[in-house]
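The values are calculated or read from the model by the stated rules, or taken from the named source; none is laboratory data. Because the structure is predicted, anything quoted here is derived from the model rather than measured. FYI the Cβ positions are ideal-geometry reconstructions off the backbone, even for glycines, and counts take in every protein chain you see. These area figures cover heavy atoms from the full protein model, side chains too; ligands, DNA and RNA do not enter into them. Shrake-Rupley method; radii C 1.70, N 1.55, O 1.52, S 1.80 Å.
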Amino acid sequence: MLSNRKGPLIMHYENGNPDELKEKFWKELDDSPFVMLELDGHSGDAAPMTAQLDEDANSAIWFFTSRNGAFAAMGPATATFSAKGHNLFARFDGVLSEEADRARIDQFWSNMIEAWFPQGKGDPSLLLMRMDLGQAKIWDSSLGLMGTARMLLGMDARADAQNNTVETKL
């Protein structure tokens, strides 16, 4: 069993290997890269953000933001994710820091980003943050045929849901 400084990690995912659930998380995040991000201790500043993903960097994600906004303070942060089809949910933490590699800006730049920074990549308020990922809890809401039937009949489906959860390091 895995452990961290807070004790044992829950590894319940009975529909397959917990690593498969992590892989499902990455695929779902790639399909719909929108998260609710907040700096730890500052929930009032939580905001929807678009995660920038690099398939070769599975322990970090990136966000464009303004140097004038709340996220410019950087530091410990938490993100909440809901997959497009509401079949997977996740909450993960990490540490936000400024990405110093200008090649990352080029890699992730798009028309969507430019819409927020009309002065382009040289906009003085442009800040690319890297989130080095820590712990995550991932829920797979697929209850399977029996779990769905129990739920639709008003029967207890909690055990089915508990077996679709993994706490892990991303």
For the range 31-46, the count of residues that are over 10 Å from the mean Cα position of the chain (by Cα), of a type outside the set (D, E, K, R) and within 14 Å of M74 (Cα to Cα) equals 5
### Task
Return yes or no: is L21 part of a helix (DSSP H, G or I), among the aliphatic types (A, V, I, L, M) and at pLDDT 90 or above?
no
Counting only residues in the range 105-142 that are in a helix (DSSP H, G or I) and in contact with a helix residue (DSSP H, G or I) (Cβ under 6 Å, 6 or more places away or on another chain), the one least open to solvent (accessible area, probe 1.4 Å) is identified as I105
Expected single match for closer than 23 Å to S43 by Cα, out of contact with any helix residue (DSSP H, G or I) (no Cβ under 7 Å at 6 or more places or on another chain) and at pLDDT below 95 among F89, F71 is F89
Within the range 29-45, restricting to residues that are modelled with pLDDT of 95 or more and either assigned to a helix (DSSP H, G or I) or among the hydrophobic types (A, V, I, L, M, F, W, C) (or both), the one that is nearest to P118 (Cα to Cα) is F34
When the range 82-104 is checked residue by residue, the ones that are over 20 Å from A70 (Cα atoms) and assigned to a loop (DSSP other than H, G, I, E, B) are A83, K84, G85, H86, N87, D101
**Prompt:** Does the range 61-75 include one or more residues that are part of a loop (DSSP other than H, G, I, E, B) and touching a residue at least 60 places away in the same chain (Cβ under 8 Å)?
**Reply:** yes
